[in-house]
1. Looking only at the stretch 126-173, count how many residues are farther than 16 Å from GLY209 by Cβ and among the charged types (D, E, K, R).
2. Any residue that is in contact (Cβ under 8 Å) with a residue 12 or more places away in the chain, polar (S, T, N, Q) and crowded, with 16+ Cβ neighbours inside 10 Å - is there at least one of those in the stretch 43-52?
3. Before we move on, is PHE126 assigned to a helix (DSSP H, G or I) and under 14 Å from LYS54 (Cα atoms)?
4. Within the stretch 98-113, how many residues turn out to be in a helix (DSSP H, G or I) and over 16 Å from the mean Cα position of the chain (by Cα)?
5. Just for helices (runs of 4 or more DSSP H) wholly inside the stretch 155-261: which have at least 1 residues that are touching a residue at least 60 places away in the same chain (Cβ under 8 Å) and buried (at least 18 other Cβ atoms within 10 Å of the Cβ)?
6. Under 9 Å by Cβ, and 6 or more places apart or on different chains, what pairs join a residue from the stretch 61-72 that is under 16 Å from TYR37 (Cα atoms) with one that is among the charged types (D, E, K, R)?
7. Mind listing just one residue for me: the one in the stretch 124-182 that is among the small types (Gly, Ala, Ser) and touching a Pro at 6+ places or on another chain (Cβ under 6 Å) and, of those, farthest from PRO17 (Cα to Cα)?
8. With the requirement that a residue be surrounded by 17 or more Cβ atoms within 10 Å (Cβ to Cβ), over 17 Å from the mean Cα position of the chain (by Cα) and either part of a helix (DSSP H, G or I) or among the hydroxyl-bearing types (Ser, Thr, Tyr) (or both), what does the stretch 78-97 give you?
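The values are calculated or read from the model by the stated rules, or taken from the named source; none is laboratory data. Everything quoted here is computed from the prediction, not taken from an experiment. For neighbour counting, all protein chains shown are included, and Cβ atoms are generated from backbone atoms with ideal geometry for every residue, glycine included.
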Amino acid sequence: MQSIMYLTFAALGFVIPFGISLAIGNELVQNIVLAVYIIQWIAFIPAYMLQTEKFYDLTGSITYTSVFAYCIYLATLGDVNWGSLIISILVILWAGRLGTFLFTRIAKDGEDKRFRTIKPDIAQFFMTWTLQGMWVSLCSLCAITAITSDTGIIVNGIFYIGVMMFIGGFAIEIVADQQKSAFRAIPENRNKFITSGLWGKSRHPNYFGEIMLWTGVAVMSFSSLSGLEYATLISPIFTYLLLVKISGVRMLEGRGQKTWGQDEEYIAYMKNTPMVMLKFW
């Protein structure tokens, strides 16, 4: 029964982004979305056979890079579309940084604990890889739709606001990750939770940064969209739901409650620190 549920979620994970691409009627976008899933499904085969999750995040990063490298190619055909070029380079920089960071971390730790119970179950593991395809597709959809439109990315005031949002979110994500890595590198901090730096302003500042940068991508794309294409602006909402309700926050805070749930300092930290939004007061 659980296998049917996992396969149903996997099917939905494919149908929703591909359905949006069909609705907007852009064949090039449809082919890109399909290619995203094919990459995940091919990578799933050796991952399941070897029972490893070590190249899961790296595959996601490579997929983003491949999609936007192709967008750079499109942006430089004929007259260069600088807006399309800028948004593609920004996403590639983000994907390269995040993929390298996550791959290095898992190589150092030896495993990603999230996958301990997922890997042995073929249906659940396949669902996880398919949902990564959904993540790449939905987050990229507004940008690739705008890039492949007749106008390409329109550079105006709204575009520059989106660029600033992306750079700000990217910077927050980098700083938050570096602060947590430095904290974990100190032996005395083993089995402790971080409350310093940005982690004193938010329980998950790295996720705040990621939501902010994908909102920036949506803002950069906005002026180039029309009609049903506005449905592709779902990316920031999807990123929030994914990080807060499905994977990141829910899983991390579940483990935190098991480890420090009776710790008074942890209880106070959970009560006084926003979950995602940075606290500026």
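1. 1
2. Of all residues in the stretch 43-52, those in contact (Cβ under 8 Å) with a residue 12 or more places away in the chain come to 43-44, 47-48, 51-52.
Add one more test, that the residue is polar (S, T, N, Q), and what stays is 51-52.
Right, trim to crowded, with 16+ Cβ neighbours inside 10 Å and you get none.
No, every residue in the stretch 43-52 fails to be in contact (Cβ under 8 Å) with a residue 12 or more places away in the chain, polar (S, T, N, Q) and crowded, with 16+ Cβ neighbours inside 10 Å.
3. Working: assigned to a helix (DSSP H, G or I): yes; under 14 Å from LYS54 (Cα atoms): no.
No; evaluated as a whole, the condition is false for this residue.
4. Of the residues in that region, 7 qualify.
5. The qualifying helices (runs of 4 or more DSSP H) are 157-184, 205-222, 235-240.
6. Pairs that qualify, where the first residue is under 16 Å from TYR37 (Cα atoms) and the partner is among the charged types (D, E, K, R), are SER61/ARG97.
7. Out of the qualifying residues, it is ALA176.
8. The answer is GLY83, SER84, LEU85, ILE86.
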